[in-house]
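Just so you know, all these numbers are worked out from the coordinates, no wet-lab data involved. Nothing here was measured: the structure is a model prediction, and the numbers come from that model. With ideal geometry, Cβ positions are generated from the backbone for all residues, glycine too; neighbour counts draw on all protein chains shown.
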Amino acid sequence: MPALYAVMAAAACAFALASCGGGGSNADAAGTAPPAVRVIDVDYNATTDYDILVNNASVATNLAFGMASPLTTEGSGSVSVEFEPPNTTVDALSVSVAMATGYNYSVFALEDNSALVTLTVATTNATVPTNQARLSFIHAMPSQGALDFYITGPTATDLGSMSFPALAYAGDNTSPAPDVVVMASGDYRIRAVANGDSTLTVVYDSGPITLASGTDLLMAVVPTSGSASPFTLMTIDDSNNVAWMPDQRVEARTGNFVPGLGGLDTYLDPPGDANSSTTLFTSDVSSGSVTTYQGVLPGSYIASMPQTGQVNAYVSSTVSLTAASSTSLFAVGLPNQASPYGLQIVSLTDNLTAPQTGYTSLRMAALSPDLQYNYPDGVDVVTIDPSNTTAPITGRLATALAYPGGSGYFQVAGGSYTFAVVPTGRDTPLLPSSSGVALSLNAGSVQTLAIAGCLHPATGICGNASTQLELLIFTDR
């Protein structure tokens, strides 16, 4: 399979597609080989897999999301493609595909309005010339609006001109023509903007990719989760290999959990750069709050957090942001205190993948410095029944949670709970009080429960901070 994801340190073609010898077209010359058909499952919310039959002959069993059936060669004319739930002989859907010599036919199975639907795409089976690459784009995600795609050199900062007309959802039970781009093989970057967005805000970024000589890919816009973009590009090559070209941007956000400190700005500087208007990432983040996620290219950065409107940072740290990940950068600690209670930036790796139906994906974060100071063995996060004074704990989630840091993710049924904190190894006292804190978990969401503030405000290491210990819930996605 062609190498798609190599990140190139030196760009062979660092300018726009038109300057690289490429061009776009809505059609492509037919080949001469007999036609073939395959089914590609992009039914993201499917409750079942499918057995696939072509002209009543089985070609694949238990085809699931992200899988393709083998290319099945047939003669010219009409062929039937049937979808059967496993262990049945009843069609969930049957479609007819009109096939002609010189083309391969990809039948996408997807869900629109809770019903199984298809769209059929014909792509030429002509050989890609040496030192060329061919990309055929199709939009197969009903919930995603039209997109403008820009294909540039891998290090280009400007988007340049659209590489082909706006790509809209192809429609249910249709046979759309793909948008075809033929270009010199080499190193590129694919970015997308919502059609009509005059600000040209990037909603998808492949990062640097390498297209080898002879690359022939069908590129489908399909849904995803846990990414900086709600969609990804599924790629299917001429040998029927399925792969993913996810948005490579890091989703990053910041939070201010320094007790009693005012608003903070955040800068993300490449090593060697100073804070400037071009590297300002978030601004005026108040104590006890977090920002929304933003996309930023992966790499090593100096994260620094000065007071709002200032340049000299209270605290800074080198952070490594990994491609296609999500990261929270939280300011924690206390001014004028030694490690580990002094000011610092804690980096938490987030998992924004949607939970199972009816559940919340919940992560706990220990961000209170004097809670650790008073209980060095860590704390447990529990659910309680405040009316039960004998045995109030009804569930124990994170255990031995240490400052500063986060737990793994727990699948918790959506609903209302009373949460409290217990020093590890004990059942009492319950903090911040014996009555706990009532919080709601939203089914289908990803949330973070933060332990913030000071257990003993205005005393001890929190002598200059008056913020009480508090449990805060944030909806991440």
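Data overview
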quantity	calculated
9 Å beta-carbon shell around Leu352, net charge (K/R +1, D/E -1)	-2
Using distinct alpha-carbon pairs, which all enter the 1/r mean, Kirkwood radius of the stretch 48-109 in Å	12.1
Cβ-based exposure ranking for Arg249, Arg396, in which fewest neighbours within 10 Å come first	Arg396, Arg249
Considering only the stretch 339-477, percent of DSSP beta bridges that pair antiparallel, nearest 5	80
When the convex hull of its Cα atoms is projected in every direction, mean area for the stretch 166-223 (nm²)	5.3
Estimated FRET transfer efficiency when R0 is 25 angstrom, pair Ser198-Ser277 (beta carbons, to 0.05)	0.75
The chain - share of DSSP beta bridges that are antiparallel (%, nearest 5)	80
The chain - mean residue ellipticity at 222 nm from DSSP helices (-39,500 (n - 2.57) per run, n ≥ 4, rounded to 500)	-500 deg cm²/dmol
Distribution of pairwise C-alpha distances over the stretch 343-477, 5 Å bins, in %	2, 11, 20, 23, 20, 14, 7, 2, 0, 0
For Val285, distant residues with modelled amide H under 5 Å away	Leu264, Asp265
Förster radius 30 Å - calculated FRET efficiency between Thr130 and Asp158, Cβ distance, rounded to 0.05	0.50
Euclidean distance between Cα centres, the stretch 196-250 to the stretch 310-377, Å	30
Stretch gain in nm, segment Asn241-Asn374, where the contour uses 0.36 nm per residue and the Cα spacing is subtracted	42.3 nm
Pairs of Cα atoms farther than 28 Å apart, the stretch 17-245, %	29
Principal axes of the stretch 196-270: Cα extent on each, largest first, Å	60, 28, 26
Full-extension gain in nm, Ala46 to Leu439, via 0.36 nm per residue minus C-alpha separation	138.3 nm
When the convex hull of its Cα atoms is projected in every direction, mean area for the chain (nm²)	26.0
Per residue, the convex hull volume that the Cα atoms of the stretch 251-350 enclose (Å³)	93
Mean Cβ neighbour count within 10 Å, used as a protection proxy, ranking 429-436, 309-316, 216-223, 362-369 highest first	362-369, 216-223, 429-436, 309-316
Length gained when the stretch Ser80-Asp284 is fully extended (0.36 nm per residue, less Cα-Cα span)	67.4 nm
